[in-house]
């Protein structure tokens, strides 16, 4: 069995068992047991909603610390497009790129550059694919991919199997370094992705064993922000030039990827509750005329990631300021648009490492357990208050059948039973 490595964890010493995370988790992966929250790793999608909403900062993202980076290697920074929206008064992307070099990186390769390449391949994939399979869903957000694997498995074949920009950036960055520096060997080079969210950390951690990973470190934007800010000097003329345009940078916010396809038959949604609603509607055939769906779990898109620094809506405005001085697009595919997509650009089949829980491995036993769950559910008040430690009464019924809880954990039900006993003089 494949064990999924997560990047969202719990600090039990800070947890007060308040049930806030319980109500916000989109996959019901959290329970409160013995006064502390606990996360079911089989259901967690690393969306960061528990981190975003925990009033006690008991949930945290796991990532590589800047101090852990091996400075003896040739280091290549891979800044996510959303990083450019974190800095005030940044009207020229080159100053940020120079700041990364000043901080100690040997080279910078923009993920936005790779995003433009992926955009062209996505156009090609949509044009060449069977129209009956539309709408196609972007696989750029790891939360969406894992959510589909767990809750909407019938939509897996709609995920576009194009390698995400960060992996493309890592591969191209290493190839460029080897070409420009013949004295280097591949083991001398390390790529460092600067990420806005924990889900992308998990995506790197869970690269299939048979597939080569081109990302060596994933650091948090919030962890590196002030270090780079101190290295961005206005009086210094940058020695490096941005190699991406409006199309690549626009991937940072909701709608940026979809609008770059030059096709108005698309839908773009952000925020975990909204994307679940959209996936529900796609599953029931509500959007027969759409060709492409872009979904971002974080509010506002990647600029709203829990490892980012700035308010997502302010970050989006800042990106608009940067885009004014950029070309539309700097990275185009040069071959015939009808040429087949090379195998190197095809991602591992989306959703292959799903670890969704089954009630039981035996189908007949699973069916019996489902009937028992419904029977117990009818005995519960249906208020979904969370006092039992489960997010809903139905989830509590399931926990009871699995042997993880008891009917007595329902405070409301117990109170009603006590009241009846009092009335009966017992």
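Candidates 58, 80: the one that is out of contact with any helix residue (DSSP H, G or I) (no Cβ under 7 Å at 6 or more places or on another chain), surrounded by 21 or more Cβ atoms within 10 Å (Cβ to Cβ) and at pLDDT 95 or above is 58. Does the range 46-63 hold any residues that are within 17 Å of residue 218 (Cβ to Cβ) and under 14 Å from the mean Cα position of the chain (by Cα), and which are they? Answer for the range 46-63, where residues must be within 17 Å of residue 218 (Cβ to Cβ) and under 14 Å from the mean Cα position of the chain (by Cα): 46, 47, 48, 51, 61, 62, 63. Of all the listed residues (308, 268, 209, 260), the sole one being at pLDDT below 95 and buried (at least 17 other Cβ atoms within 10 Å of the Cβ) is 260.
Across the range 349-381, the qualifying residues are those that are under 29 Å from residue 157 (Cα atoms) and surrounded by 14 or more Cβ atoms within 10 Å (Cβ to Cβ), and the one among them that is modelled with the highest pLDDT is 370. Residue 208 fulfils the conditions (1) under 24 Å from residue 301 (Cβ atoms); (2) in contact (Cβ under 8 Å) with a residue 12 or more places away in the chain except for a single criterion, (1).
If I filter the range 33-43 for residues that are outside the structural domain of residue 272 (by TED's automatic domain parsing) and under 30 Å from residue 256 (Cα atoms), do I get at least one hit? Within the range 33-43, one or more residues are outside the structural domain of residue 272 (by TED's automatic domain parsing) and under 30 Å from residue 256 (Cα atoms). Does residue 34 satisfy being surrounded by fewer than 18 Cβ atoms within 10 Å (Cβ to Cβ) and closer than 30 Å to residue 100 by Cβ? The answer is no for residue 34. Of all residues in the range 358-412, those being under 21 Å from residue 35 (Cα atoms) and either assigned to a loop (DSSP other than H, G, I, E, B) or free of Cβ contacts under 8 Å to residues at least 40 places away in the same chain (or both) number 27.
The criterion of at least 2 residues that are in the same structural domain as residue 240 (by TED's automatic domain parsing), over 21 Å from the mean Cα position of the chain (by Cα) and closer than 29 Å to residue 338 by Cβ is met, among helices (runs of 4 or more DSSP H) falling completely within the range 89-188, by 111-128, 165-180.
The requirement of being modelled with pLDDT of 95 or more, over 20 Å from the mean Cα position of the chain (by Cα), surrounded by 14 or more Cβ atoms within 10 Å (Cβ to Cβ) and under 21 Å from residue 303 (Cα atoms) is not satisfied by residue 253. The residues of the range 31-57 that are touching a strand residue (DSSP E or B) at 6+ places or on another chain (Cβ under 7 Å) and closer than 14 Å to residue 14 by Cα, listed by number, are 37, 38, 50, 51.
Is it the case that some residue within the range 130-148 is surrounded by fewer than 21 Cβ atoms within 10 Å (Cβ to Cβ), more than 17 Å from residue 293 (Cα to Cα) and in contact (Cβ under 8 Å) with a residue 12 or more places away in the chain? Within the range 130-148, not a single residue is surrounded by fewer than 21 Cβ atoms within 10 Å (Cβ to Cβ), more than 17 Å from residue 293 (Cα to Cα) and in contact (Cβ under 8 Å) with a residue 12 or more places away in the chain. Of the residues making up the range 64-88, those that are within 24 Å of the chain's Cα centre (by Cα) and part of a strand (DSSP E or B) are 76, 77, 78, 79. Against the list (1) under 23 Å from residue 196 (Cα atoms); (2) buried (at least 18 other Cβ atoms within 10 Å of the Cβ); (3) touching a helix residue (DSSP H, G or I) at 6+ places or on another chain (Cβ under 9 Å), the condition residue 103 fails is (2).
Looking only at residues in the range 254-264 that are touching a residue at least 40 places away in the same chain (Cβ under 8 Å) and out of contact with any helix residue (DSSP H, G or I) (no Cβ under 7 Å at 6 or more places or on another chain), the one that is farthest from residue 120 (Cα to Cα) is 254.
The values are calculated or read from the model by the stated rules, or taken from the named source; none is laboratory data. Every value quoted in this text rests on a predicted model; they were computed, and no experiment measured them. Don't worry about glycine lacking a Cβ; one is built from the backbone with ideal geometry, like all the others, and counts go over all protein chains shown.
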